[in-house]
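Trainee: Please see the structure below; I have some questions.
The values are calculated or read from the model by the stated rules, or taken from the named source; none is laboratory data. All of these numbers come straight from a predicted model, not from anything done at the bench. Counting neighbours? That spans all protein chains shown, and the Cβs are built from the backbone with ideal geometry, glycine included.
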Amino acid sequence: MKTIIGIIGPIASGKDTVADYISKKLGMPIFQTSSVLREIARQRNIPETRKDLILLSRELAAEFGKDYLVKSLLQKAENNCIITGMREIGQIEYLRKNTKFILISVNADVKTRFERLKSRHHIDEGKTFEEFLANEKEEDTKNNVQRLSECMKFADYKIENNSDLDSLFRKTDGILAKIMI
């Protein structure tokens, strides 16, 4: 049975940094749910904006099931791997039933995440702090298929990433020591 490490968290929380770190330490490839969405968006001539990808994700979940994206990724994964970007409870449930699944959530203060986005020049995520908050709230409502905050409740391990990289890597190492893959 494949071991899958799922890493989830809101935008600019550090989830991709954690995924890269674990990948290098354990030699596990990383698969992103957004890569499946982007591939399908290109095939359908849909713009690859965050909003359009969220809408596409909703459509795919309604058409093929909420676990569609992770099923697609597992077909590509030959062995153990890391999957990032899950935002639907159905994806987590599928992985728990069909793999040895370990879920890590990474989070940071909303202000910290906003500052990280600004430093990356991601202006489409909200030009002001208030717009950023409004976008986040809209993405995580009960009417939305993508309810990240609900998914994060299922995490086996949680990382608060409000400090520097050394601190983040120490916390990650602590989790890796516990799961011993």
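Trainee: Tally the residues that are in contact (Cβ under 8 Å) with a residue 60 or more places away in the chain and among the charged types (D, E, K, R), restricting the search to segment 65-99.
Mentor: So the count comes out to 3.
Trainee: Does Asp20 satisfy the condition of being surrounded by 16 or more Cβ atoms within 10 Å (Cβ to Cβ), in a helix (DSSP H, G or I) and among the acidic types (Asp, Glu)?
Mentor: no
Trainee: Taking the residues in segment 158-181 that are of a type in the set (S, T, N, Q) and in a helix (DSSP H, G or I) as candidates, determine which candidate is farthest from Asp16 (Cα to Cα).
Mentor: Of everything passing the filter in segment 158-181, Ser167 is farthest from Asp16 (Cα to Cα).
Trainee: Report, by residue number, each residue of segment 34-80 that is among the charged types (D, E, K, R), exposed (fewer than 12 other Cβ atoms within 10 Å of the Cβ) and not in a helix (DSSP H, G or I).
Mentor: Selection gives Arg44, Glu78.
Trainee: Can you tell me which condition Asp164 does not meet? The list is (1) under 18 Å from Ser34 (Cβ atoms); (2) surrounded by fewer than 17 Cβ atoms within 10 Å (Cβ to Cβ); (3) modelled with pLDDT of 90 or more, and all the others hold.
Mentor: (1)
Trainee: Got at least one residue in segment 129-149 being closer than 20 Å to Gly6 by Cα and either at pLDDT 90 or above or among the hydroxyl-bearing types (Ser, Thr, Tyr) (or both)?
Mentor: Within segment 129-149, one or more residues are closer than 20 Å to Gly6 by Cα and either at pLDDT 90 or above or among the hydroxyl-bearing types (Ser, Thr, Tyr) (or both).
Trainee: May I ask you to verify whether Gln91 is in a helix (DSSP H, G or I) and crowded, with 18+ Cβ neighbours inside 10 Å? Step through it out loud before you land on a result.
Mentor: Numbers: in a helix (DSSP H, G or I): yes; crowded, with 18+ Cβ neighbours inside 10 Å: yes.
Yes: the conditions hold for Gln91.
Trainee: Here's a follow-up. Of everything in segment 1-17, what is in a helix (DSSP H, G or I) and within 11 Å of the chain's Cα centre (by Cα)? Give them in sequence order.
Mentor: Of everything in segment 1-17, those that are in a helix (DSSP H, G or I) and within 11 Å of the chain's Cα centre (by Cα) turn out to be Lys15, Asp16.
Trainee: Considering every residue within segment 33-43, establish whether at least one is closer than 25 Å to Glu115 by Cβ and under 18 Å from the mean Cα position of the chain (by Cα).
Mentor: yes
Trainee: From the residues in segment 24-33 that are of a type outside the set (A, V, I, L, M, F, W, C) and surrounded by fewer than 17 Cβ atoms within 10 Å (Cβ to Cβ), which one is nearest to Glu93 (Cα to Cα)?
Mentor: Result: Pro29.
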